[in-house]
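Values in this text are rule-based calculations from the coordinates and carry no lab data. It should be emphasised that the depicted structure is a prediction, and the values quoted were computed from it without experimental measurement. Cβ: placed from backbone, ideal geometry, glycine included. Neighbour counts: every protein chain shown.
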Amino acid sequence: MKIRIFLTIAAVMATVSVFSQVTDKKDQMLDGPGMVKQVPDRKPPIVYTISEIEEIWGKLPLAVPADYRIPHPRNMAFKKPNIINYALAFCLAYPCDLTKELLRRMNHEIDDMNGYVLSLDHAFIRGVMSTELTPAIQFTYWDLDNNERLFAVAFTGYEEGPGTTADNHVINIGDVQFYKTVIGSDIMTPIEKPFTFDEKELKKYTINLPYKNKDITLVAGYKDRKDVILKYDGKGHFKVKK
């Protein structure tokens, strides 16, 4: 079922207002559990590369749009943020070619996007760019106790690097970032990955966030490897299923 999302000026201004409250604190950067330090004024580029996003996404909080309602008859009664609100928070904070195209698809400014999935019932969004390197993005969340949620953003695929050699011409962007938020809060706080897995090894897998279940699947990219299931424990953590 198509879900039309109209980003009105009021909604965008509300989002910008909330986001400015985050950055005006002043541009707070998280530095360890519960720690916040001041960082110099930064002027983010108009468009990031995905690699640039992954360098900072674990240190900066996200501002959740204040309006949880979207103009679709089925969803007008929503009083809690949904996956669209969380995806908007990330895409507005980190404009890149991929997130900009996803926003256009969500707003029906373009008719199609490769691999596009949006499911409110399963709290899942995915979009893939139709380029040779097929960078992709996924969003989902898990409900926790104490009115909290665990939100995840995953990139998969590749992007062009800054160099011309085989080592840096193409960059593997496969990675995942987690955030915690209280339902109704306007802030999502980045946290460390709630599972133990070697970072270099993680790059050798394609990260699939859950669509119908709660577990994360690491899809092997080599014949001598098997897929890895990160089993959700129901409390915001994952363990490798043996």
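Some observations on this one:
- The stretch 105-158 - Kirkwood radius from inverse mean 1/r over Cα pairs (Å): 12.5
- Under-5 Å amide H pairs with Ile110, H placed in peptide plane, nonlocal only: Arg105
- Ranking Gly161, Gly221, Gln177 by how far each Cα lies toward the positive end of the dipole of the stretch 151-242 (charges on Cβ) leaves Gly221 at the top.
- Charges were assigned to the Cβ only: +1 to each Lys and Arg, -1 to each Asp and Glu. The resulting dipole of the stretch 132-204 about its Cα centre is roughly 80 debye.
- What separates the Cα centres of the stretch 81-157 and the stretch 198-242 is a distance of 19 Å.
- Once the Cα-Cα distance is subtracted from the 0.36 nm per residue extended length, the Glu201 to Ser119 segment shows a gain of 26.5 nm.
- When Rg and the Kirkwood Rh are both derived from Cα coordinates, the Rg/Rh ratio for the stretch 93-204 amounts to 1.00.
- Listed residue pairs exceeding 28 Å between alpha carbons, taken from Lys59/Lys231; Lys204/Lys241; Lys59/Lys212: Lys59/Lys212
- Between Arg104 and His169, the FRET efficiency from the beta-carbon distance, with R0 = 22 Å, is close to 0.20.
- Charges were assigned to the Cβ only: +1 to each Lys and Arg, -1 to each Asp and Glu. The resulting dipole of the stretch 89-151 about its Cα centre is roughly 100 debye.
- Across all directions, the shadow cast by the convex hull of the stretch 78-136 built on its C-alpha atoms averages 4.3 square nanometres.
- Close amide H partners of Leu144, meaning residues 5 or more places away or on another chain with modelled amide H under 5 Å apart, are Arg149, Leu150.
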